Amino acid sequence: MSTMTNKSKTRRIVFVCSGNICRSPLAEAMAKPMLEERGIPAVVISAGTLGLQGRSAAANSVTVAGEVGIDLEGHRSQGVSIPLMRMADHIVVMAPRHEAELVGKDRGLTGKIVRLWEYLDEDLDHIPDPVGQDVETFRVMRDRVQEALERWIGKL
């Protein structure tokens with residue numbers, strides 16, 4: 001019964017990258033159905049540390065998302081808001097610099113940070129940013145994000 005109680009609490013999850021146009025919007029869109037399939041209620045959003053507002057997802061992110069049935073056409077970037085981060089249960093970051101920036105603004109966020117790359121078998125110290133790269137580089141990023149999300153969400 002306690003398992004049901006844990007799963008019935010709506011989790012607030014924020015995916016964070018730099019511009020909120022490549023990695024974090026894709027992670028947000030991929031996580032939603034994964035959480036739903038596992039019966040984990042969640043409010044999921046994404047944001048970027050660079051503070052870009054209202055930008056579309058990168059064209060190659062839209063392309064590689066579409067290849068796996070995910071629509072990023074309607075995505076618009078937003079910057080990180082510390083009050084919003086304080087309300088989150090989990091802040092999923094793509095690189096150490098995102099964690100450092102958030103924790104530098106509020107040390108209280110430390111316990112909420114999830115380092116997505118730590119859920120991969122590869123020896124990576126971040127999820128590489130594909131911005132400005134070719135579509136194949138975006139596919140590699142998408143597949144890494146998907147694998148890491150499946151592992152992380154599987155442990156929730």
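Of all residues in segment 1-28, exactly one satisfies the criterion of being at pLDDT below 95, of a type in the set (K, R) and outside any loop (DSSP other than H, G, I, E, B), namely K7.
Just so you know, in segment 117-156 the residues that are among the polar types (S, T, N, Q) and part of a helix (DSSP H, G or I) include one that is farthest from K9 (Cα to Cα), and it is T137.
Within segment 9-17, is even one residue hydrophobic (A, V, I, L, M, F, W, C) and surrounded by fewer than 21 Cβ atoms within 10 Å (Cβ to Cβ)? No, that holds for no residue. Just one residue in the set E73, E99, E36 is under 23 Å from L120 (Cα atoms), exposed (fewer than 14 other Cβ atoms within 10 Å of the Cβ) and either at pLDDT 95 or above or touching a strand residue (DSSP E or B) at 6+ places or on another chain (Cβ under 6 Å) (or both); that residue is E36. Once segment 60-90 is narrowed to residues that are assigned to a helix (DSSP H, G or I) and without any contact (Cβ under 8 Å) to a residue 24 or more places away in the chain, the residue that is nearest to D134 (Cα to Cα) is V62.
Between A57, A47, A31, the distinction of being buried (at least 16 other Cβ atoms within 10 Å of the Cβ), part of a helix (DSSP H, G or I), within 17 Å of the chain's Cα centre (by Cα) and touching a residue at least 24 places away in the same chain (Cβ under 8 Å) belongs to A31 only. Restricting the first member to segment 91-113 and to residues that are over 11 Å from V80 (Cβ atoms), and the second to residues that are assigned to a loop (DSSP other than H, G, I, E, B) and of a type in the set (A, V, I, L, M), the beta-carbon pairs closer than 7 Å and six or more apart or on different chains are M94/I127; A95/I127; K112/A88. Being farther than 17 Å from A95 by Cα and not basic (K, R) is the filter here, so list the residues in segment 138-156 that pass it. Listed by number, the residues that qualify are E150, I153, G154, L156.
The values are calculated or read from the model by the stated rules, or taken from the named source; none is laboratory data. Quantities reported herein were computed from a predicted structural model and do not represent experimental measurements. Here Cβ is always computed from backbone atoms with ideal geometry, including for glycine, and neighbour counts include all displayed protein chains.
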